[in-house]
């Protein structure tokens, strides 16, 4: 006899459980029709904001929950150049992008999609892959926001490197074109093929366009493979009174003076363990915690709570885990709240959804103080492409790799066919976004100058590191 008990699911949950399947051609047509509502040329526009948009006020709002003693370091790093300003001002650009055109199709967005948040890292199988590697701001949001932030980052970086506006625009267009073309390719693939797709080191070597590019990639891969625990450990830890300890390197790495700190760390480790699958708990249990310290990371993340944990196996093999605070995404005021109450879980789930493969120790925890964290290994072959002395040709090729990677990530979580239908086969969108990239690069330079003015007037405190 069938049960008469009513379902506890909400209507929206029922819809998620039983999605309406529509053909790729139908969804392509949907995308094409959206062009009449929002022409692709509309993405070229950027209207410089008025005085009501206070750059410093928006940045200060994003500092609200940070460790205030570290905020001057954040400003010091942001002020180095317009590009470092862009890296640290995801909240500001989220505010701006929210006012631009979007067709209403959401994906799992990175939220801070600039060119240095892509790079190399090791898969659990110890293969070296190229992928997105920063998800602090990830949230379901319009696809346009990620691709626009990415092309702008290339335009600003190109200018910082001395490229002309014409060349910077060409690089931005190449990035948008690669995103459009690869997204269409992914829209034709089976869902499992998209999920299995990855860009590994061998493929990057096989597709190198010339001998110079091949040599550059080989050298980069060799450097990445050296960034394993055995090489990282001596730079961070040493012997103190005969015991292995993290070495203080203030203000970047330092121990916490609070005598109750290690008690809370052990509590946090126990809670983090519960976020892991059973087989990975067995692996974690092979190690014991011996020390922990505060670490200052990145540019946009400076001031958030980030701790490194030093662990050892029975045979004294080291493991270093990074507990990085997860605040609410900068996209949240414009895209809505996450379905996850724990912001660390938000980051982990977004990362798993967007990456081709994720860290074996990836997990989350709400610490005893009520702060949310996500957890991963520290620098497991993690390497970004160095921008020093990079040529415009190399930057353009790198833009195409990042765009391919972003297209795959968006195709995993979003409706690639509808977006592809909107983008089409012409370069109309590419050209529009190329124009936008230069206009917003101008805006970034003005915003950088505004923060510099605030620093000189004393409105914000700045610490310049040596």
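The values are calculated or read from the model by the stated rules, or taken from the named source; none is laboratory data. Quantities reported herein were computed from a predicted structural model and do not represent experimental measurements. Neighbour counts run over all protein chains shown; Cβ positions are idealised from the backbone, glycine included.
Within the stretch 406-417, is even one residue outside any helix (DSSP H, G or I), modelled with pLDDT of 95 or more, within 20 Å of the chain's Cα centre (by Cα) and crowded, with 19+ Cβ neighbours inside 10 Å?
yes
Condition (residue is modelled with pLDDT of 85 or more and crowded, with 18+ Cβ neighbours inside 10 Å) applied to the stretch 12-22: is it met by at least one residue?
no
Of everything in the stretch 159-169 that's more than 24 Å from the chain's Cα centre (by Cα) and buried (at least 18 other Cβ atoms within 10 Å of the Cβ), which residue is nearest to residue 403 (Cα to Cα)?
167
Working only within the stretch 349-387, note down all residues that are more than 30 Å from residue 157 (Cα to Cα), in a loop (DSSP other than H, G, I, E, B) and touching a residue at least 24 places away in the same chain (Cβ under 8 Å).
Those that are more than 30 Å from residue 157 (Cα to Cα), in a loop (DSSP other than H, G, I, E, B) and touching a residue at least 24 places away in the same chain (Cβ under 8 Å): 360, 361, 367, 368, 369, 371.
Looking at 169, 184, 159, 126, which one is over 23 Å from residue 447 (Cβ atoms), assigned by TED's automatic domain parsing to the domain that holds residue 66 and part of a helix (DSSP H, G or I)?
184
Would you call residue 328 over 27 Å from residue 129 (Cβ atoms), under 16 Å from the mean Cα position of the chain (by Cα) and surrounded by fewer than 18 Cβ atoms within 10 Å (Cβ to Cβ)? Even if it seems obvious, please write down each step before you answer.
Values: over 27 Å from residue 129 (Cβ atoms): yes; under 16 Å from the mean Cα position of the chain (by Cα): yes; surrounded by fewer than 18 Cβ atoms within 10 Å (Cβ to Cβ): yes.
Yes, satisfied.
Within the stretch 361-389, which residues are farther than 16 Å from residue 326 by Cβ, surrounded by fewer than 19 Cβ atoms within 10 Å (Cβ to Cβ) and out of contact with any strand residue (DSSP E or B) (no Cβ under 6 Å at 6 or more places or on another chain)?
The answer is 386, 387, 388, 389.
Taking the conditions exactly as written (in contact with a helix residue (DSSP H, G or I) (Cβ under 8 Å, 6 or more places away or on another chain) and in contact (Cβ under 8 Å) with a residue 24 or more places away in the chain), does residue 318 satisfy them or not?
Judged against the criteria, residue 318 is a match.
From the set of residues in the stretch 55-105 that are more than 16 Å from residue 450 (Cα to Cα) and without any contact (Cβ under 8 Å) to a residue 12 or more places away in the chain, which is surrounded by the fewest Cβ atoms within 10 Å (Cβ to Cβ)?
Among those that are more than 16 Å from residue 450 (Cα to Cα) and without any contact (Cβ under 8 Å) to a residue 12 or more places away in the chain, it is 64.
Condition (residue is assigned by TED's automatic domain parsing to the domain that holds residue 395, modelled with pLDDT of 90 or more, closer than 19 Å to residue 438 by Cα and assigned to a helix (DSSP H, G or I)) applied to the stretch 59-73: is it met by at least one residue?
no
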